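In what follows, a structure is listed as structure tokens, so that the remarks can point back to it.
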Amino acid sequence: AQSVTQLDSQVPVFEEAPVELRCNYSSSVSVYLFWYVQYPNQGLQLLLKYLSGSTLVKGINGFEAEFNKSQTSFHLRKPSVHISDTAEYFCAVLPYGDSSYKLIFGSGTRLLVRP
Amino acid sequence: EAQVTQNPRYLITVTGKKLTVTCSQNMNHEYMSWYRQDPGLGLRQIYYSMNVEVTDKGDVPEGYKVSRKEKRNFPLILESPSPNQTSLYFCASSSRDRPYGYTFGSGTRLTVV
């Protein structure tokens, strides 16, 4: 079985500071990896995904994530956050060849950007 | 525009009153799925469908039903809603050729009183 752990339920940060949101996963098979963002009262938006190739993935809004296979991690980073980045962020995995095509989500990290 | 459309966006209902949340996609995707989102739990899969007339349970199917009579539609049915089904619901679809290309609907916030 697969699982995703987001180690921080909430991350407060000041505007223009860097931020890292942590994600670790457990899986007996290879996985695709995703980060989604949910702005207040909105749906899910894909920030970035890792399918294969370069382990550093760049996404929208200046976010990037690095896949570390040995540590089974996929941490999300942004060098300088804005107030508008305040949202909930979800890490998710999709196991290769899974017959249910099920995305497995972490519990989410609420990013709170303060002026 | 490629999209997954859910209706309604918001719904308040009473315990025991049957309801249906509709989901429709215009991308000719074979795969469709329902998730519920609860604070501190992330999103959990309720049901999924690999194609017309093919559905299966996800992780939290109790109290829900689905049907897939047409490729584009995948309604979620709550025959007798209870307060513990108060949640934010998302429909999603993807292609079997590109299972990582999930598209999510905008969500339905359901409150059962």
| Length added when fully stretched, residue A:39-residue A:8, from 0.36 nm per residue minus Cα-Cα | 9.4 nm
| query | If the cut-off is a Cα-Cα distance under 19 Å, which lysines reach residue B:69, setting aside same-chain residues fewer than 8 apart in sequence? | reply | B:57
| task | Go ahead and run the numbers for FRET between residue A:20 and residue B:84, Cβ-Cβ distance against an R0 of 45 Å, rounding to 0.05. | result | 0.80
| field | DSSP-loop trypsin sites (Lys or Arg not before Pro) across the range A:53-115, with at most 14 other Cβ within 10 angstrom | value | A:69
| message | Can you compute the FRET efficiency between residue A:82 and residue B:3 using 1/(1 + (r/R0)^6), with r the Cβ-Cβ distance and R0 = 22 Å? Round to the nearest 0.05. | response | 0.20
| said: What is the distance in Å between the Cα centroid of the range B:61-113 and that of the range B:1-46? | reply: 3
| Which residue, A:92, A:65, A:17, has the most motion in a Gaussian network model of chain A that connects Cα atoms within less than 10 Å? | A:17
| Can you work out D for chain B in µm² s⁻¹ from Stokes-Einstein, where Rh is the Kirkwood radius over C-alpha pairs, the temperature is 10 °C and the viscosity is 1.306 mPa s? | 114
| request: Classify chain A as rounded, prolate or oblate, taking a ≥ b ≥ c as the square roots of the eigenvalues of its Cα gyration tensor: rounded when a/c is under 1.5, otherwise prolate if a/b is larger than b/c and oblate if not. | output: prolate
| field | Normalised per residue, the volume of the convex hull around the Cα set of the protein assembly as shown (Å³) | value | 123
| task | Using a 10 Å cut-off on Cβ atoms, rank the peptides B:34-45, B:5-16, A:43-54 from the highest mean neighbour count down. | result | B:34-45, A:43-54, B:5-16
| message | Of all beta bridges DSSP finds with both residues in the protein assembly as shown, what is the antiparallel percent, to the nearest 5? | response | 90
| query | Put a dot 7 Å past each Cα toward the Cβ at residue B:27 and residue B:98; how far apart are the dots in nm? | reply | 0.7
| query | What FRET efficiency, computed as 1/(1 + (r/R0)^6) with R0 = 35 Å and r the Cβ-Cβ distance, is obtained for residue A:55 and residue A:110, rounded to the nearest 0.05? | reply | 0.85
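Every number here is computed from the coordinates shown, using simple stated rules; none is lab data. All values reported here derive from a predicted model rather than from experimental measurement. Every residue, glycine among them, receives a Cβ derived from its backbone with ideal geometry; neighbour counts consider all protein chains shown.
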